[in-house]
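First, the structure itself, so that you have it in front of you.
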Amino acid sequence: GNVNVVLRPRQPGSSFKPLVYARAFMNGFAPGNVVYDIPTKVGRDRPQNYDGLWQGQISLRKGLAHSRNIPAIKAYFLAEQQDKIIDLAEKMGITTLNKAHSYGYPLALGAGEVSLGEMVTAYAVFANGGKLPVLTSILKVENANGDILEEWKEKELPEVLDPEIAFLINDILSNPADSVGPRLFINGQINAAKTGTSTKETKIKGGGSKKEVRPSDAWTIGYTSSIVTGVWVGNTDGTGLGYSANGYDAASPIFNAVMTRALKGKAAEPFKEPSGIKHVKISKASGLLPGKSTPAAMITTEIFPSFSVPTEVEKSFYEV
(Lines give C-alpha, C1' and ligand atoms only; values in the text may rest on other atoms or scores of the structure.)
Protein backbone atom coordinates (compact mmCIF):
# COMPACT_ATOMS: atom_id res chain seq x y z
CA GLY A 1 0.00 0.00 0.00
CA ASN A 2 0.94 3.66 -0.33
CA VAL A 3 0.27 4.46 3.32
CA ASN A 4 1.87 2.88 6.38
CA VAL A 5 -0.82 3.50 8.97
CA VAL A 6 1.53 2.51 11.81
CA LEU A 7 3.44 5.72 11.10
CA ARG A 8 0.69 8.01 9.80
CA PRO A 9 -1.01 10.37 12.29
CA ARG A 10 -4.73 9.78 12.74
CA GLN A 11 -7.26 10.92 15.32
CA PRO A 12 -7.29 8.37 18.18
CA GLY A 13 -10.72 9.19 19.59
CA SER A 14 -11.31 7.92 23.11
CA SER A 15 -8.17 5.78 23.10
CA PHE A 16 -6.35 9.02 24.05
CA LYS A 17 -8.39 9.46 27.26
CA PRO A 18 -6.11 7.36 29.54
CA LEU A 19 -3.31 9.91 29.01
CA VAL A 20 -5.64 12.74 30.04
CA TYR A 21 -6.77 10.91 33.18
CA ALA A 22 -3.15 10.02 34.01
CA ARG A 23 -2.25 13.72 33.90
CA ALA A 24 -5.24 14.56 36.13
CA PHE A 25 -4.11 11.88 38.61
CA MET A 26 -0.67 13.53 38.67
CA ASN A 27 -2.46 16.63 40.02
CA GLY A 28 -3.73 14.76 43.06
CA PHE A 29 -7.02 13.41 41.76
CA ALA A 30 -7.84 9.71 41.92
CA PRO A 31 -10.29 7.13 40.48
CA GLY A 32 -12.74 7.66 43.35
CA ASN A 33 -13.14 11.40 42.83
CA VAL A 34 -16.62 12.45 41.71
CA VAL A 35 -17.58 14.51 38.64
CA TYR A 36 -20.95 15.02 36.94
CA ASP A 37 -21.92 13.51 33.59
CA ILE A 38 -24.64 16.07 32.81
CA PRO A 39 -25.39 18.53 29.97
CA THR A 40 -22.40 20.85 30.00
CA LYS A 41 -21.60 24.00 28.04
CA VAL A 42 -17.95 24.74 27.22
CA GLY A 43 -17.73 28.17 25.62
CA ARG A 44 -20.29 28.00 22.82
CA ASP A 45 -20.08 24.21 22.56
CA ARG A 46 -22.44 21.69 24.08
CA PRO A 47 -20.47 18.42 23.82
CA GLN A 48 -22.33 15.11 23.90
CA ASN A 49 -21.65 11.55 24.98
CA TYR A 50 -21.48 8.90 22.25
CA ASP A 51 -24.90 7.54 23.28
CA GLY A 52 -26.53 10.95 23.76
CA LEU A 53 -27.34 10.05 27.38
CA TRP A 54 -26.19 11.25 30.82
CA GLN A 55 -25.19 9.20 33.85
CA GLY A 56 -25.25 12.02 36.39
CA GLN A 57 -22.88 11.73 39.34
CA ILE A 58 -20.00 9.46 38.33
CA SER A 59 -16.53 8.60 39.58
CA LEU A 60 -13.47 9.27 37.44
CA ARG A 61 -12.99 5.48 37.40
CA LYS A 62 -16.36 4.87 35.77
CA GLY A 63 -15.98 7.92 33.54
CA LEU A 64 -12.86 6.40 31.95
CA ALA A 65 -14.00 2.76 32.05
CA HIS A 66 -17.30 3.63 30.33
CA SER A 67 -15.59 6.13 28.00
CA ARG A 68 -17.92 9.01 28.85
CA ASN A 69 -17.05 12.24 27.02
CA ILE A 70 -18.26 14.76 29.60
CA PRO A 71 -16.15 13.29 32.46
CA ALA A 72 -13.16 13.19 30.07
CA ILE A 73 -13.64 16.90 29.31
CA LYS A 74 -13.72 17.63 33.02
CA ALA A 75 -10.58 15.50 33.47
CA TYR A 76 -8.99 17.71 30.78
CA PHE A 77 -9.43 20.75 33.03
CA LEU A 78 -8.33 18.81 36.13
CA ALA A 79 -5.19 17.95 34.13
CA GLU A 80 -4.52 21.69 33.54
CA GLN A 81 -5.43 21.61 29.85
CA GLN A 82 -3.57 20.94 26.64
CA ASP A 83 0.05 21.97 27.27
CA LYS A 84 0.38 19.85 30.42
CA ILE A 85 -1.27 16.91 28.66
CA ILE A 86 1.00 17.27 25.61
CA ASP A 87 4.05 17.41 27.90
CA LEU A 88 3.07 14.03 29.38
CA ALA A 89 2.22 12.57 25.95
CA GLU A 90 5.67 13.55 24.67
CA LYS A 91 7.35 11.87 27.65
CA MET A 92 5.35 8.74 26.84
CA GLY A 93 6.57 8.67 23.23
CA ILE A 94 4.02 10.71 21.26
CA THR A 95 5.71 13.32 19.06
CA THR A 96 2.97 14.45 16.65
CA LEU A 97 1.00 16.81 18.93
CA ASN A 98 1.83 20.50 18.63
CA LYS A 99 1.31 23.07 21.38
CA ALA A 100 1.00 25.80 18.75
CA HIS A 101 -2.27 24.20 17.67
CA SER A 102 -5.25 25.20 19.79
CA TYR A 103 -6.89 21.80 20.40
CA GLY A 104 -8.75 22.90 23.51
CA TYR A 105 -10.92 20.40 25.35
CA PRO A 106 -11.45 18.21 22.19
CA LEU A 107 -7.87 17.01 22.79
CA ALA A 108 -9.33 14.91 25.63
CA LEU A 109 -11.68 13.26 23.12
CA GLY A 110 -8.88 12.38 20.71
CA ALA A 111 -8.93 15.35 18.33
CA GLY A 112 -5.13 15.55 18.11
CA GLU A 113 -3.58 13.34 15.45
CA VAL A 114 -1.18 10.62 16.64
CA SER A 115 0.29 7.50 15.06
CA LEU A 116 -0.61 3.92 15.94
CA GLY A 117 3.06 3.12 16.62
CA GLU A 118 3.38 5.96 19.11
CA MET A 119 0.07 5.18 20.79
CA VAL A 120 1.21 1.59 21.32
CA THR A 121 4.44 2.97 22.82
CA ALA A 122 2.45 5.22 25.19
CA TYR A 123 0.27 2.31 26.31
CA ALA A 124 3.44 0.28 26.83
CA VAL A 125 4.44 2.88 29.43
CA PHE A 126 1.33 1.91 31.40
CA ALA A 127 2.12 -1.79 30.89
CA ASN A 128 5.72 -1.26 32.04
CA GLY A 129 4.68 0.50 35.23
CA GLY A 130 5.75 3.94 33.98
CA LYS A 131 8.87 3.02 32.00
CA LEU A 132 9.28 4.03 28.34
CA PRO A 133 10.26 1.27 25.88
CA VAL A 134 11.89 1.80 22.49
CA LEU A 135 9.94 0.63 19.45
CA THR A 136 12.31 -1.88 17.83
CA SER A 137 11.72 -3.82 14.63
CA ILE A 138 15.00 -5.72 14.12
CA LEU A 139 16.01 -8.02 16.96
CA LYS A 140 19.01 -9.73 15.40
CA VAL A 141 21.09 -9.81 12.20
CA GLU A 142 23.42 -12.72 11.46
CA ASN A 143 25.33 -13.79 8.35
CA ALA A 144 25.36 -17.11 6.51
CA ASN A 145 27.96 -18.48 8.92
CA GLY A 146 25.80 -17.74 11.94
CA ASP A 147 27.91 -14.82 13.10
CA ILE A 148 25.79 -12.22 14.93
CA LEU A 149 26.33 -8.81 13.33
CA GLU A 150 23.75 -6.85 15.33
CA GLU A 151 21.52 -7.86 18.22
CA TRP A 152 18.96 -6.00 20.29
CA LYS A 153 19.39 -6.46 24.01
CA GLU A 154 17.08 -5.37 26.76
CA LYS A 155 18.34 -2.48 28.86
CA GLU A 156 17.08 -0.41 31.74
CA LEU A 157 14.22 1.78 30.56
CA PRO A 158 13.74 5.40 31.67
CA GLU A 159 10.83 6.07 34.04
CA VAL A 160 8.60 8.76 32.53
CA LEU A 161 5.43 8.23 34.60
CA ASP A 162 5.01 7.62 38.31
CA PRO A 163 4.44 3.84 38.76
CA GLU A 164 1.51 4.58 41.06
CA ILE A 165 -0.21 6.64 38.33
CA ALA A 166 0.42 3.87 35.79
CA PHE A 167 -1.17 1.36 38.17
CA LEU A 168 -4.30 3.51 38.57
CA ILE A 169 -4.83 3.40 34.79
CA ASN A 170 -4.04 -0.34 34.63
CA ASP A 171 -6.51 -1.06 37.42
CA ILE A 172 -9.31 0.92 35.76
CA LEU A 173 -8.83 -0.53 32.27
CA SER A 174 -8.41 -4.18 33.40
CA ASN A 175 -11.80 -4.63 35.09
CA PRO A 176 -14.12 -6.69 32.83
CA ALA A 177 -17.10 -5.92 35.08
CA ASP A 178 -16.71 -2.18 34.48
CA SER A 179 -15.99 -1.65 30.78
CA VAL A 180 -17.62 -1.09 27.40
CA GLY A 181 -17.71 -4.82 26.58
CA PRO A 182 -16.31 -8.35 26.98
CA ARG A 183 -14.36 -8.45 23.70
CA LEU A 184 -11.71 -6.22 25.30
CA PHE A 185 -10.65 -9.07 27.59
CA ILE A 186 -8.85 -12.32 26.88
CA ASN A 187 -10.14 -15.50 28.52
CA GLY A 188 -7.86 -16.75 31.28
CA GLN A 189 -5.67 -13.64 31.17
CA ILE A 190 -5.39 -10.31 32.97
CA ASN A 191 -5.29 -7.46 30.50
CA ALA A 192 -6.28 -3.82 30.14
CA ALA A 193 -7.80 -2.30 27.00
CA LYS A 194 -9.39 0.86 25.62
CA THR A 195 -11.30 1.62 22.44
CA GLY A 196 -11.48 4.81 20.41
CA THR A 197 -13.60 6.18 17.57
CA SER A 198 -13.07 9.42 15.67
CA THR A 199 -15.54 11.07 13.31
CA LYS A 200 -14.99 13.25 10.27
CA GLU A 201 -17.12 15.61 8.23
CA THR A 202 -16.91 14.68 4.53
CA LYS A 203 -18.71 15.64 1.35
CA ILE A 204 -21.53 13.38 0.23
CA LYS A 205 -20.75 11.81 -3.14
CA GLY A 206 -23.04 13.31 -5.72
CA GLY A 207 -24.48 15.65 -3.10
CA GLY A 208 -22.82 18.87 -4.24
CA SER A 209 -21.71 20.86 -1.21
CA LYS A 210 -23.64 18.71 1.26
CA LYS A 211 -21.61 17.09 4.01
CA GLU A 212 -22.11 14.27 6.49
CA VAL A 213 -20.39 13.19 9.70
CA ARG A 214 -19.26 9.59 9.76
CA PRO A 215 -16.81 7.48 11.80
CA SER A 216 -13.36 7.61 10.21
CA ASP A 217 -10.97 5.85 12.63
CA ALA A 218 -11.70 2.87 14.87
CA TRP A 219 -9.14 1.82 17.47
CA THR A 220 -8.57 -0.76 20.17
CA ILE A 221 -5.34 -0.79 22.16
CA GLY A 222 -4.75 -3.22 24.99
CA TYR A 223 -2.02 -4.90 26.96
CA THR A 224 -0.81 -7.31 29.59
CA SER A 225 2.30 -6.45 31.60
CA SER A 226 4.44 -7.89 28.76
CA ILE A 227 2.52 -7.60 25.47
CA VAL A 228 0.81 -4.56 23.91
CA THR A 229 -1.39 -4.78 20.81
CA GLY A 230 -2.81 -1.82 18.91
CA VAL A 231 -5.45 -2.12 16.18
CA TRP A 232 -6.59 0.61 13.80
CA VAL A 233 -9.44 0.18 11.29
CA GLY A 234 -10.28 2.76 8.64
CA ASN A 235 -9.67 3.92 5.08
CA THR A 236 -6.25 5.34 4.28
CA ASP A 237 -7.76 7.89 1.89
CA GLY A 238 -9.66 9.41 4.81
CA THR A 239 -13.14 8.44 3.65
CA GLY A 240 -15.59 7.49 6.36
CA LEU A 241 -16.62 4.08 7.62
CA GLY A 242 -20.18 2.83 8.01
CA TYR A 243 -22.44 4.98 10.19
CA SER A 244 -22.48 2.42 13.01
CA ALA A 245 -18.74 1.68 12.97
CA ASN A 246 -16.80 2.18 16.19
CA GLY A 247 -13.66 1.00 17.94
CA TYR A 248 -15.45 -1.73 19.87
CA ASP A 249 -17.31 -3.33 16.96
CA ALA A 250 -14.67 -2.81 14.24
CA ALA A 251 -11.30 -3.09 16.00
CA SER A 252 -11.76 -5.11 19.20
CA PRO A 253 -12.52 -8.44 17.41
CA ILE A 254 -9.11 -8.17 15.72
CA PHE A 255 -7.46 -7.19 19.00
CA ASN A 256 -9.07 -10.15 20.78
CA ALA A 257 -7.99 -12.64 18.12
CA VAL A 258 -4.40 -11.40 17.99
CA MET A 259 -3.97 -11.27 21.77
CA THR A 260 -5.61 -14.68 22.26
CA ARG A 261 -3.03 -16.16 19.88
CA ALA A 262 -0.11 -14.19 21.36
CA LEU A 263 -0.97 -15.23 24.93
CA LYS A 264 -1.77 -18.89 24.18
CA GLY A 265 -0.14 -21.12 26.78
CA LYS A 266 1.05 -18.18 28.89
CA ALA A 267 0.11 -17.78 32.54
CA ALA A 268 -1.95 -14.75 33.54
CA GLU A 269 0.21 -11.81 34.63
CA PRO A 270 -1.26 -9.48 37.27
CA PHE A 271 -0.24 -5.84 36.99
CA LYS A 272 2.33 -5.16 39.70
CA GLU A 273 0.89 -2.98 42.45
CA PRO A 274 3.41 -0.42 43.76
CA SER A 275 3.91 -0.49 47.52
CA GLY A 276 2.68 3.10 47.87
CA ILE A 277 -0.86 2.36 46.62
CA LYS A 278 -3.44 2.70 49.38
CA HIS A 279 -6.83 0.95 49.58
CA VAL A 280 -9.23 3.31 51.34
CA LYS A 281 -12.95 3.17 52.17
CA ILE A 282 -14.67 6.24 50.70
CA SER A 283 -18.16 7.54 50.09
CA LYS A 284 -19.56 7.10 46.59
CA ALA A 285 -21.39 10.40 47.04
CA SER A 286 -18.32 12.56 47.39
CA GLY A 287 -15.11 10.57 47.02
CA LEU A 288 -14.24 11.64 50.58
CA LEU A 289 -13.95 9.58 53.75
CA PRO A 290 -17.37 8.37 54.99
CA GLY A 291 -19.06 10.36 57.72
CA LYS A 292 -20.85 8.87 60.72
CA SER A 293 -24.19 9.01 58.86
CA THR A 294 -22.98 7.73 55.48
CA PRO A 295 -25.14 4.68 54.60
CA ALA A 296 -23.22 1.40 54.29
CA ALA A 297 -24.51 0.98 50.72
CA MET A 298 -22.78 4.25 49.79
CA ILE A 299 -19.34 3.12 51.01
CA THR A 300 -16.83 1.49 48.67
CA THR A 301 -13.12 0.71 48.72
CA GLU A 302 -11.01 2.61 46.18
CA ILE A 303 -7.30 2.86 45.41
CA PHE A 304 -5.24 6.02 45.84
CA PRO A 305 -1.62 6.94 45.13
CA SER A 306 0.43 7.60 48.25
CA PHE A 307 0.45 11.37 47.63
CA SER A 308 -3.32 11.93 47.37
CA VAL A 309 -4.96 9.79 50.05
CA PRO A 310 -8.18 11.54 51.20
CA THR A 311 -8.20 13.02 54.68
CA GLU A 312 -11.43 15.04 54.60
CA VAL A 313 -14.62 13.48 56.01
CA GLU A 314 -17.78 14.14 54.00
CA LYS A 315 -20.82 15.97 55.35
CA SER A 316 -23.29 14.78 52.72
CA PHE A 317 -25.63 12.74 54.95
CA TYR A 318 -27.60 13.64 58.05
CA GLU A 319 -30.05 11.68 60.18
CA VAL A 320 -33.38 13.48 60.65
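Compute the distance in nm between two label points, each set 7 Å from the Cα along the Cα-to-Cβ direction, one at Asp87 and one at Ala111.
Spacing of the two 7 Å Cα→Cβ label points: 2.2 nm.
What's the longest uninterrupted piece of the chain once you rule out the GluC sites (Glu not before Pro) that are loop residues per DSSP with at most 10 other Cβ within 10 Å?
157-311
Here's another thing I want to ask about it. Could you work out, for the stretch 96-239, what percent of all Cα-Cα pairs fall into each 10 Å distance bin, beginning at 0 Å and stopping at the bin that holds the largest distance?
Here the calculated profile for the stretch 96-239 is 9, 28, 31, 19, 9, 3, 0.
Identify which of Val34, Val280, Val42 has the largest mean-square fluctuation in a Gaussian network model of the chain, with springs joining Cα atoms closer than 10 Å.
Highest fluctuation of the listed residues: Val42.
Taking Cα atoms of the stretch 1-126, Rg/Rh with Kirkwood Rh, to two decimals?
0.97
Same structure, new question: How charged is the neighbourhood of Leu168? Take every other residue with its Cβ under 15 Å from the Cβ of Leu168, and add Lys/Arg as +1 and Asp/Glu as -1.
+1
In a GNM of the chain with a 10 Å cut-off on Cα contacts, which of Asn175, Asn128, Asn191 has the highest mean-square fluctuation?
Result: Asn175 has the largest fluctuation of those listed.
Kirkwood-based Rg over Rh for the stretch 197-320 (C-alpha set), two decimals?
1.21
Hey, what number do you get for the chain at 222 nm if only DSSP H runs of n ≥ 4 count, each worth -39500 (n - 2.57), divided across all residues, to the nearest 500?
Computed ellipticity for the chain at 222 nm equals -6500 deg cm²/dmol.
Considering Cα pairs under 8 angstrom that are at least six residues apart, work out the relative contact order of the stretch 53-131 and quote it in whole percent.
Reported as a whole number, the value is 26 percent.
Assuming R0 = 56 Å, can you tell me the calculated FRET efficiency for the pair Lys41 and Lys266, based on Cβ-Cβ distance, to the nearest 0.05?
Given R0 = 56 Å and the Cβ-Cβ separation, E is 0.70.
May I ask you to derive the relative contact order of the chain, considering only C-alpha pairs under 8 Å and at least 6 residues apart, and to give it as an integer percent?
Answer for the chain is 18 percent.
Taking the chain as a Gaussian network, Cα atoms linked when under 10 Å apart, which of Ala79, Ala267, Ala166 shows the biggest mean-square fluctuation?
Taking springs between Cα atoms under 10 Å, the residue moving most is Ala267.
DSSP beta bridges in the chain, what fraction antiparallel, as a percent rounded to 5?
About 95 percent, rounded to the nearest 5.
How much of the accessible area of the chain, probe 1.4 Å, is carbon plus sulfur, in whole percent?
51 percent
What accessible area per residue comes out for the chain, rounded to a whole number of Å², with a 1.4 Å probe?
Per residue, the chain has 51 Å² of solvent-accessible surface.
Taking the inverse of the average 1/r across all pairs of different Cα atoms in the chain, what Kirkwood radius in Å do you get?
Value: 20.9 Å, from the Cα pair sum.
Could I ask something else about it? What does the net charge come to around Leu64 if you take all other residues with beta carbon closer than 10 Å to its beta carbon, with K and R at +1 and D and E at -1?
Overall, the nearby charge balance is +4.
The values are calculated or read from the model by the stated rules, or taken from the named source; none is laboratory data. In this text, all values refer to a predicted model and were calculated from it rather than measured experimentally. Counting neighbours? That spans all protein chains shown, and the Cβs are built from the backbone with ideal geometry, glycine included. Heads up: the accessible areas ignore ligands, DNA and RNA and are worked out on the full protein's heavy atoms, side chains in. Shrake-Rupley method; radii C 1.70, N 1.55, O 1.52, S 1.80 Å.
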